[in-house]
Structure formats: structure tokens, C-alpha cells
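Read the structure below first, then the notes.
The values are calculated or read from the model by the stated rules, or taken from the named source; none is laboratory data. Just so you know, these numbers come straight off a predicted model, no measurement behind them. Here the Cβ positions follow ideal geometry from the backbone for every residue, glycine too, while neighbour counts run over all protein chains shown.
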Amino acid sequence: MIEENLLLILVGLPFAAAVAASTVSTTAHSAAAWVSGLLLATGLMILGVLHEPISQGEVLRSSVRWVPSLGLNLTFRMDGFVWLFVALVLGIGILVLLYARYYLSKSDPVPRFYAFLMAFTGAMLGMLMSGNILMLAVFWEMTSILSFLLIGYWHQGQAARDGARMALIVTGMGGLALLLSMLILGQIVGSYDLDRVLAAGDVVRASPLYPVVLILFLLGCFTKSAQMPFHFWLPGAMAAPTPVSAFLHSATMVKAGVFLLVRFSPVLGQTDLWFYLVTGTGMLTLVVASIIALFRHDLKGLLAYSTISHLGLITALAGIGSTGAILAAIFHIVNHAVFKASLFMAAGIIDHEAGTRDMRKLSGLMRYMPVTGALAIIASGAMAGVPLLNGFISKEMFFAEAADWHNGTWLDNSLPWFATLAAIFAVAYSIRFIATVFFGPEPTQLPKTPHEPPSLMRRPVELLVLTCMVVGILPGLTLGPTLNLAAQSVSGPDTPYTDISVWHGFNLPLVMSLVALVAGALVYLALGARISKAPEWPPMLQQLRAQRIFERFLLMFTWVLPRQIHRLTGTEQLQPQLRLIVLLAIAAAAAPLWGVLRQAPAPLATDLNPGFALMWLVGAVCAIGAAWMAKYHRFAAVVLLGGAGAVTCLTFAWISAPDLAVTQLLVEIVTTVLLLLGLRWLPKRREEIEVDKLRPAKLRRIRDLIIAVVAGGGLASIAYVMMTWPLIPNVGNWFLRNAYSEGGGTNVVNVILVDFRAFDTFGEITVLAIVGITVFSLLRRFRPAPESIALTQSQVDLEEGNLADVLLVPSVIMRWMFPVMIVLAAYLFFRGHDLPGGGFAAGVTISIAFLLQYLAHDVRWIEARLTVLPTRWMGLGLLMAGATGVGAFLFGYPFLTAHAQYVNIPLIGKVPAATAMLFDAGVFSLVLGATVLMLIALAHQSLRIARMRERDTAAAEKEAA
């Protein structure tokens, strides 16, 4: 039980750090770093506690029920492989936090940086520890979104915005492919539980959907890990601050793809298709990226393509899939994270202290930065695979797997040659990194005089470089047990223990290493002088760059093609757009019902009540009158539309649906008043007086009438069939039976909304919040045309809140109605669980109370007496509804599970109480906030017009005087 709680705490710590960092003052730079670092250090201590059961081969699990019926639970698991990866993320994360403390400027919004970084860390840990493959895909997409925010941290720069957008598009689309693969994979296995999926490799490979799942899965992994041809987003992401690059592109973001490749290799691997796609793509990326890296002039650009190349190496090992290859892949994941993080930090120090990353301007920095230069030389040696450094050992293991025989295919036979070629260029670009930057003549074109950074800024680099040396000399004692435990977690407990040592004798992998070291040095000696003078991309290859091709596709599908479609089908008028939406809705409804909808063989029949028929006749007349009067008088049309709505309310009450009747009545009042307040902003009608325009206008109205008849007739047919079909057991009967026993309420409708289907309601109120904010944002930027200032008196009354005078209702009555409406809202709220009412009805009711005040008085008079903060009401509503749902987790129940019981209140006795009432209070708060926010937006438009009119009147009087 303790381990289960520790897993949950471990995932939640970075998110808690994000919240804490975001609340720190923008001037307290150290505070945000300290808070984030301490919480990550707490995570490392938790890992230390969990190491003992993990070392015994246990798989720790912790599960929180979410939607059990769909197999969707918040399940977290940890084995040896996950433990190693989490330790890597947290360890390097702490060093990045220390480094960022001295790298970022005081003018930067530092709390926001730490909040984004910690939230990204939490998403990464969630992805690594997910025990449910659907939740894994959710955390996967979270890393894409948060990396977008981190890469675009310096959003004032065009390069940062472009790099962030490109990374989000590429990795986000790959994430959608991964989600689809997880959905299909879960259907094949019959479960979304990761342990069951990992144990069903034979079932998955035997499925006819295996190629589809594999391709979708690889699209997700290749895009995240920047494999060819999706590699181009990673160099563009170098516009991010160096701490972001050091973290995302060494231990986290780009390693997510290779993590999944290794994790799912027992399920999707061991086939020729897997070998060709994964190993082939990995080797192509390894070779091509290593060649490109040699010719890059930007320090971080060189490191970016170096990262792509090493990711290709790990991908190739995952494609080979043998036990030795899996162990080598895991080992190189760790080694690459260590030396690449140190190199990115060193590049950031150079940029920070010298003012540039352009290698054509940098030289001789060893004179100014000897300690940084020594650290960078050691880290570059690890990247090149120099003996006695950690990169050499994992590269040797890669050479051994490449040279080994697997399936005898042409790709298998060519692996040693491609591996050696890529290693040659890796040595060459590593030498260029050191020789160009730290040796040679003194620099003359630097923006500022270079010097050593603060000692604490350099400390993370020193620790990482020390790790490169210690692991390179004593691999078996330092990482051997942990690596073998991780490999056994992937390949199975029967995987033999591998002794990792520096010396394995004089064999083929050692020969390949020696050839790479010597040939790489010769390549740099032959090309080094020319590279610094040559362009990064030869002119003939500019048009073939993957980034250029991507930009062309992006331009085509986001600008050229949409403009063509808009030119053919678009319009700025609202009516054609609504007409298209209605037609699409008719088609979407008719397609599944065509030929299926039929009358019951023995339909239920009831006598037609004359009163009901007369009521519907009035409603029909109101509806037709509203459509007719819309041509001449919009005010009358709105009033008639309200009459049709009133008949709808009476209909609900007639057929014993009082909840719907109350809600419909309240919504009718609010929408009618809001429409009346917004009439002023509708465009003027176009007078169609010319003879040649009369005919098109009539044809348009006939067309609209036909569409309306088809839509209304179709909906009436569906309603008739459903209401005349013989009564049979259905889901409604289940709700009627279980509303009181399961939800603690006798009002079945309210119990459904706040208990049985509370998640749907939570989504709906979230959408309502978005709508309210959107309407407010649009109206606050709206500026009326100059001709809107000259108004008739009735329009003035409509605008300035004096609608009471137009409706012939004394304003004093509206003022007196305010406390009455508040009491009515409270009455509806507290009775909602057992009688018609509820949070939604109460929220709309109290919104009407505010509407009445805006109708009866001038805006300035109201806001001098009433302080309404609608956005806070909305935020409070979402927090209350969400907190009610999360509270169920504390008792081991799914999200938004409600509890009901009777509570003894002194002097009153037993009264029913349910946690759903707290959720309903959130609904009430949000509905009130969203409605009043839209009301205030409309009222302030009227106030703006009044001020413009006063200004013009004053100007006219001054001119006349």
C-alpha cells in the first residue's frame, strides 16, 4: 500500500512544483528554482525507497478508477526499466534547474519557465509510468503541448515561434497516430492494461491488424524521436533556451519515442516488417544525420543533428531486438543523455559568455575558458566514442550487435558498414566541435569578451562529465546491475545477466572503433578548413531539405488550399453558413436513419386533447409569425419567438417533464432579453426594391422554407416514432429504479445530470465557460460604426438598459424583484435533487435577477452599486465541480462518484445530503458567471455608444456656441 501511494506522489510532485512555481513572484528567481528543485529531489528520494522492491524483480502498481466500464483507469506501474528512466529524468532535471538559475536573465519571466518545465516533467513521468496505454497516449500528447510552450518560451523571436509550431505539428500528429494505434491494440488484446498488452505479443502479431497497428505506432515514435524523414523539427527547436534544449533533447522529449520502441519491442517486434522499418529507419537516420552534423555552423545545430544521429542508433538497436541489442539500447539511452546534456550546457555557457554560437566566429576559447573547454573536450570524447568514456562502451555494444548475424537479409549484412560510416562522421563532428571552438587563433568577432561562468552554473556540467568518466572506467560496478534489471524488465526475467566491462578482447567491434577514430580524424583534417567557409546546405540540396518540403506542405494545406475552398464556398454572411450547417445536420441524421425509421406495428394511440391542440396552434402561429416578422420588425420577431418558446415550456409541463419546463422557461427569458439587448448590433437590412432583385429574394425564401420543412418534418417523424413505439424496458427504467438508491435523490433528471452522467455535465459547463469568455472577448473588441451613434429613442432605450420603458414595466418593480429572484434561485437550488430545480436552473434564475437590473437602470448606475466578478464565479464553478470529482479518488472511487446519506441537523432533524450538491453548486456558479459575463459585454457596448453620443453632442454644442 505504501508503494502504491508513493507512485501517485511521484507522478504528482512535478505538477505540484509547477503550481508552486507559477505562484512565485516574477522577481523571486531563486524561489521558483528552489521550490522546483526540492520537489524533484523528493522524487529522487522516493525512487530510492522504491529501489529495493524493484531490485527484487517486482512490478509496482497503483491504480485509481476513472471509467472502469471503458477500461480507462489512472494506472501507474514501475519496473526496472521505468525506474532507470525516471531516475534519469529527475536527476538531469535537477541539474537543469541549477543551470537555468544562472542562465536565464532577470528580465525573463522565470516563474513561468519553471512552471512549464515542471509540468513537462510531470507529463514525462506520467508517460513513463502509465500502466494504461490510453493514458500513456494522453500523457504523450501532454509532452507535445508543454514542449511547444517551452520551445516558444522566448516567443518574441520569430525563430522560437516557428520552431515551437513545427514541433507541435509534427509530434502532435504523431501523437494522434499513436493514440489510434493504442485504441486498435487494446481492441486486439481485449484490454488497455499495459501488462496484459505486453504479455500478448503472439496475439498481436497474429492479428490481421498488426501492420496497421505497427505503422501507426511507429509514426508516433518516429515523429517524437526525430527519425527520418520527421527529423527536421528538432533543429528548429534549438531556438529554445539552452536549459530547455539540454533537458528535452537529452533525457526527456526525444527519448520518449525510443522508450516506447524498447518497451513495445516484445509485443510488436520479432517480425521482418519490424526489422526493416525500425532498423532501416534507425540506420538511415544515424548515417545521414551524422553527415549533416559535420557541416553545421551553429553549436546547438551541430548538437541537434548529433542527437538525431544517436537517436537513430538507439532506434536501430530496438529494431534488431535481441537481448543484447535491448541492453545496448538502454545503456546508450543513459550515456547519450549524460554526455549530450553536458554538451548542450557547455554550448549554452559559450553562448552566454561569448555572445554567439556561430562556430565561424568562435576560436581559441581555451585561453579564456579553460575549465569549460576541458569539460567540453571530455564530453565530446564520450560522444565520439573515445575509450574509457561511457559512450565508448555502448558504442562497442552497438558495433557488436551490428556485426552479429540476425536474419541474413541485405540490411542485416550491411549494418556493420553503415555503423562504421556513421561512427567516422561522429568522430569528425566531435573533433570539429572542439578544434574550432577551443583551439586556433584568438577570436576577433565576438560580441563580448568570453570568460568562465559562475561556478554553480558550471557545476551541473562537471557532475555530468564526471559521470561520463566513472561509468566509462567502471561500467559494471556503476550501472551494470541497474542496466541488467532494466533489460530483464523488457525482455523477460529469463534474460541472462550481462557483464559490462571496458575490455572484451581484440575483436571486430574494437577494430570498427579504431577505424572510426582514425578515419574520423582524417575526414576532419581533409575537410575542416573547407567546412568553415562552405554553406551549411549546398544550393542544389536546398530544395530537397525536409524542412523546406514540410513548409511547402504546411503552406499548401494551411493557406493556399483553404483560400481556394473559401473562395468557392465561403461567405461573410451568416445565413449561408447556417444554411450549410443545417444541411449537413440533415444529411448526418438521414444517412443512418434512411430505410430504418418506421412506425411501430401497433403504435400507442391517445386521444387528442383540444386544449393541447389549441396550445400547439398558438405556438405554430408564433413561430410562423416570428419568421414572417423577421423581414419587417426584428423586435416583434423576438417577442413572437419567445411566445413559441413559452408554448414549448407548456408542452414539457403537459407531458410531465417539469424539470425541462422550468429550465426551458428560464432559458427562454435569458435568451430573449439578451437578443433584445443585442438587436442594436445586427446589420441593417438590405432594401430589395429593384425588380431584378425581388425574384432572387423570393427564391431564397422558398429555398429556406423547404429546408426548414425538411428539418422540422424529419425531427417530428423521429419524435412521433419514438413516442408511439410500444413501451419496452430501456435505460430510462434503470434510472427510475436506481435514482434514489444509487444517487440519493427522487428527481431522476437531476440525479442523472449530477451523478450518473456528471462527467458529461462537467464537459458541458466547461464548454459554456469557453463560450462565455469567447463572447466577451469578441464584444470587447467590437467597435460600432459611426452611423450607429444616431439612434431613435426606442433604440436608445434598448441600448442604455432602459428596456423597461419599452416593455412598459416600471423600473421600480424590476428593482424590487432582485431579492425575490435570489430567494427563488436558492429555493430551486436546494430542492433540485428531489424536485424540479437544480444548479443550472438556479444559476439562470439569479442571472435573470441581474438582467432585470440592467434592463431597469443605466449601466453606470448598476455598477456603482453592484460588484459582479463573473470570471471568478466561472473559475470557482469549475474548481468546485472538479474538486468534487477528484475527492472521490481519496476514497478509492472513480472520478465524480457521488455519495448520499441523511444528516442530522439540530432543531431540524434528518435531512438528505449528497456530495452531488457540491457539484451542482459548481454548475450554479459557472452558469451565473458565464451568463452575466455576456450580459456585461452587451451592456458595456451600450455604454460605449452612450459616451460616443455624449461626446458628439458636447462637440456640437461647443461648435454652435
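Data overview
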read-out	value
Leading residue by the ranking (nearest to GLY520 (Cα to Cα)) among those in region 425-478 that are among the aromatic types (Phe, Trp, Tyr) and assigned to a helix (DSSP H, G or I)	PHE425
Flag for SER191 being surrounded by fewer than 20 Cβ atoms within 10 Å (Cβ to Cβ), free of Cβ contacts under 8 Å to residues at least 40 places away in the same chain and either of a type in the set (A, V, I, L, M) or part of a loop (DSSP other than H, G, I, E, B) (or both)	no
Test: residue in region 64-73 that is modelled with pLDDT of 90 or more, surrounded by 14 or more Cβ atoms within 10 Å (Cβ to Cβ) and aliphatic (A, V, I, L, M)	no
Hits in region 487-515 (condition: in a loop (DSSP other than H, G, I, E, B) and buried (at least 21 other Cβ atoms within 10 Å of the Cβ))	ILE500
Complete set of residues in region 419-462 that are of a type outside the set (Gly, Ala, Ser) and exposed (fewer than 14 other Cβ atoms within 10 Å of the Cβ)	PRO441, GLU442, THR444, GLN445, PRO447, LYS448, THR449, HIS451, PRO454, LEU456
Residue match in region 201-222 (condition: of a type in the set (Lys, Arg) and crowded, with 23+ Cβ neighbours inside 10 Å)	no
Qualifying residue in region 352-366 (condition: touching a Pro at 6+ places or on another chain (Cβ under 7 Å) and closer than 16 Å to VAL427 by Cβ)	no
Answer from ASN413, ASN407 - the residue that is over 38 Å from the mean Cα position of the chain (by Cα) and part of a helix (DSSP H, G or I)	ASN413
Residues of region 116-151 classified as under 18 Å from LYS224 (Cβ atoms) and either charged (D, E, K, R) or not in a helix (DSSP H, G or I) (or both), total	2
Per-region count, region 153-179, residues assigned to a helix (DSSP H, G or I) and more than 16 Å from THR242 (Cα to Cα)	17
Selection from region 257-313 of residues that are of a type in the set (Ser, Thr, Tyr), buried (at least 22 other Cβ atoms within 10 Å of the Cβ) and within 22 Å of LEU194 (Cβ to Cβ)	SER265
The listed residue being in the same structural domain as LEU866 (by TED's automatic domain parsing), in contact with a helix residue (DSSP H, G or I) (Cβ under 9 Å, 6 or more places away or on another chain), part of a helix (DSSP H, G or I) and at pLDDT below 65, out of ASP805, ASP755	ASP805
Residue ID - farthest from PHE735 (Cα to Cα), chosen from residues in region 825-847 that are in a helix (DSSP H, G or I) and among the small types (Gly, Ala, Ser)	SER847
Check on ASP162, within 29 Å of GLU462 (Cα to Cα), surrounded by fewer than 18 Cβ atoms within 10 Å (Cβ to Cβ) and either touching a residue at least 12 places away in the same chain (Cβ under 8 Å) or more than 14 Å from the chain's Cα centre (by Cα) (or both)	no
Residues (at pLDDT below 80 and either of a type in the set (Phe, Trp, Tyr) or under 45 Å from the mean Cα position of the chain (by Cα) (or both)) located in region 692-717	ARG700, ARG701
Residue in region 215-223 that is under 16 Å from LEU299 (Cα atoms), part of a helix (DSSP H, G or I), at pLDDT 85 or above and in contact with a helix residue (DSSP H, G or I) (Cβ under 8 Å, 6 or more places away or on another chain) present	no
Lone qualifier among ALA341, ALA318 - being over 17 Å from GLY257 (Cβ atoms), out of contact with any His (no Cβ under 6 Å at 6 or more places or on another chain), assigned to a helix (DSSP H, G or I) and in contact (Cβ under 8 Å) with a residue 60 or more places away in the chain	ALA341
Cβ pairs under 8 Å, 6+ apart, first in region 508-529 and assigned by TED's automatic domain parsing to the domain that holds LYS395, second crowded, with 17+ Cβ neighbours inside 10 Å and basic (Lys, Arg)	SER513/LYS395; TYR524/ARG432; GLY528/ARG432
Residue in region 132-158 that is farthest from PHE264 (Cα to Cα), counting only those that are in contact (Cβ under 8 Å) with a residue 12 or more places away in the chain and polar (S, T, N, Q)	SER147
Close pairs (9 angstrom Cβ cut-off, 6 or more residues apart or separate chains): closer than 18 Å to ILE655 by Cβ and surrounded by fewer than 10 Cβ atoms within 10 Å (Cβ to Cβ) in region 724-735, modelled with pLDDT under 70 and not hydroxyl-bearing (Ser, Thr, Tyr) anywhere	PRO726/ALA600; PRO726/PRO601; PRO726/ALA602; PRO726/PRO603; PRO726/LEU604; LEU727/LEU604
Some residue of region 760-767 being touching a helix residue (DSSP H, G or I) at 6+ places or on another chain (Cβ under 8 Å), surrounded by fewer than 20 Cβ atoms within 10 Å (Cβ to Cβ) and over 22 Å from VAL886 (Cα atoms)	no
One residue from LEU362, LEU317, LEU343 being closer than 19 Å to GLY381 by Cα and in the same structural domain as SER532 (by TED's automatic domain parsing)	LEU343
Selection status of ILE350, of a type in the set (Val, Ile, Thr) and surrounded by fewer than 24 Cβ atoms within 10 Å (Cβ to Cβ)	no
Matching residues in region 360-385 - criterion: being over 41 Å from the mean Cα position of the chain (by Cα) and part of a loop (DSSP other than H, G, I, E, B)	SER363, GLY364, TYR368, MET369
Odd one out for ALA256 among (1) within 19 Å of ILE333 (Cβ to Cβ); (2) over 20 Å from the mean Cα position of the chain (by Cα); (3) not charged (D, E, K, R)	(2)
Number of the condition not met by SER788 [criteria: (1) of a type in the set (S, T, N, Q); (2) more than 27 Å from HIS833 (Cα to Cα); (3) surrounded by 12 or more Cβ atoms within 10 Å (Cβ to Cβ); (4) at pLDDT 75 or above]	(4)
Flag if VAL812 is surrounded by 13 or more Cβ atoms within 10 Å (Cβ to Cβ), in the same structural domain as PHE756 (by TED's automatic domain parsing) and at pLDDT below 75	no
From the options MET540, MET556, residue that is more than 26 Å from VAL427 (Cβ to Cβ), modelled with pLDDT under 85 and surrounded by 11 or more Cβ atoms within 10 Å (Cβ to Cβ)	MET556
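To keep it simple, each residue is scored yes or no on (1) modelled with pLDDT under 85; (2) crowded, with 20+ Cβ neighbours inside 10 Å.
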{"position": "MET1", "(1), (2)": "yes, no"}
{"position": "PHE15", "(1), (2)": "no, no"}
{"position": "ALA18", "(1), (2)": "no, yes"}
{"position": "SER25", "(1), (2)": "yes, no"}
